[in-house]
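Read the structure below first, then the notes.
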Amino acid sequence: MRTFRAPDAEHVQLQVGAGLVEVVASDDGAVHGEIDCDGDEQEARVHVQTFGAEVRVVVPPATGWASGEARIRLAVPAGTDLTLTSGSGDLTTDVRLGRVSARSGSGDLRLAATATAGLHTGSGDITVLAVDGEADVSSGSGDIRVDSCGADLTLRTASGDATIGRLTGRAEAKLASGDFRLAATSGSVHVRTASGDITVGVAGQLAAWLDLHSSSGDVDIALPPTAEPGPDDPYVSIHARTGSGDIRIARA
């Protein structure tokens with residue numbers, strides 16, 4: 001097993017061919033890493049560099065008959081920034097992070113909380129409990145779940161459902177095949193799915209401007225009538241399109 005310690009690191013960059021990455025809270029304010037590779041030859045080629053407040057870890061692919069799957073455990077202080085590039089592998093975090101950018105060709109991404117998030121996987125599910133700021137998430141094939149987002153959200157999935165809890169900013173969502181559910185929004189929503197249902201909850205007593213269309217499905221508006229908002233009154237606009245599915249707009 002390869003280990004390292006970076007006492008002044010504020011940003012961790014990981015480049016992993018294949019493997020599992022787990023991020024937990026550090027108990028001494030430093031970044032600690034444990035890297036367990038599939039074979040001594042691969043482990044000997046692990047590269048760890050520190051540049052001021054940044055630590056860079058490169059785990060090269062294995063050679064020969066080894067699977068090449070590495071198991072990486074990081075302990076980091078809360079607020080640490082994380083950048084991950086992985087050909088195939090899962091990411092799990094149990095600590096509040098800063099800016100997170102994660103890209104995996106194939107694998108699940110599961111995050112507890114972040115300041116901002118840019119999360120992309122070719123095949124796998126994405127789950128985030130809380131994003132304080134902006135989030136950009138996409139999956140080629142997999143479900144997306146964001147429990148809360150404090151700013152704008154951009155979401156794309158070719159095959160999978162999208163479930164959003166509470167949204168404060170705007171949402172731009174495109175789904176090729178899957179349902180879109182947004183429990184409560186105080187920001188405007190643009191959502192399009194070729195095949196799937198769309199459900200949006202409007203937070204509080206906000207007025208809503210609606211532009212809804214389903215080519216082959218029902219449109220249900222369960223909002224009580226409200227007066228037209230004044231020039232300075234807040235409101236949300238909801239643009240929703242589905243080729244085959246139902247649309248429902250209701251009070252959250």
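Over the stretch 125-252, what is the relative contact order in whole percent, taking alpha-carbon pairs under 8 Å and six or more residues apart?
Numbers: 386 pairs, mean separation 25.1, N = 128.
Worked out over the stretch 125-252, it gives 20 percent.
Normalising by the residue count of the chain, find the relative contact order in percent from Cα pairs under 8 Å and 6+ residues apart.
Numbers: 806 pairs, mean separation 28.9, N = 252.
Relative contact order comes out at 11 percent.
Would you compute, from DSSP H runs of 4+ residues alone, the mean residue ellipticity of the chain at 222 nm, taking -39500 (n - 2.57) per run and dividing by the full residue count, rounded to the nearest 500?
Details: 1 runs with 5 residues, N = 252.
After summing the helix terms and dividing by residue count, I get -500 deg cm²/dmol.
Computed over the chain with a Gaussian network model linking Cα atoms closer than 10 Å, the most mobile of Ser26, Ser104, Ser195 is Ser26.
The length gained by stretching the chain between Glu22 and Asp211 to full extension, at 0.36 nm per residue less their Cα-Cα distance, is 63.8 nm. In terms of other Cβ atoms within 10 Å, Asp81, Asp232, Asp27, Asp36 run from fewest to most in the order Asp232, Asp27, Asp36, Asp81. Considering only alpha-carbon pairs that sit under 8 angstrom and 6 or more positions apart, the relative contact order computed for the stretch 75-157 is 21 percent. In terms of surrounding Cβ atoms within a 10 Å radius of their Cβ, Phe51, Phe180, Phe4 rank from fewest to most as Phe51, Phe4, Phe180. Rounded to the nearest 20 debye, the dipole size of the chain about its Cα centre is 320 debye, using +1 on the Cβ of Lys and Arg and -1 on the Cβ of Asp and Glu.
Ranking Thr85, Thr199, Ile247 by Cα position along the charge dipole of the chain, where only Lys, Arg, Asp and Glu carry charges on their C-beta atoms, puts Ile247 farthest toward the positive end.
Every number in this text was worked out from the coordinates using simple rules, so none of it is lab data. Every value quoted in this text rests on a predicted model; they were computed, and no experiment measured them. Every residue, glycine among them, receives a Cβ derived from its backbone with ideal geometry; neighbour counts consider all protein chains shown.
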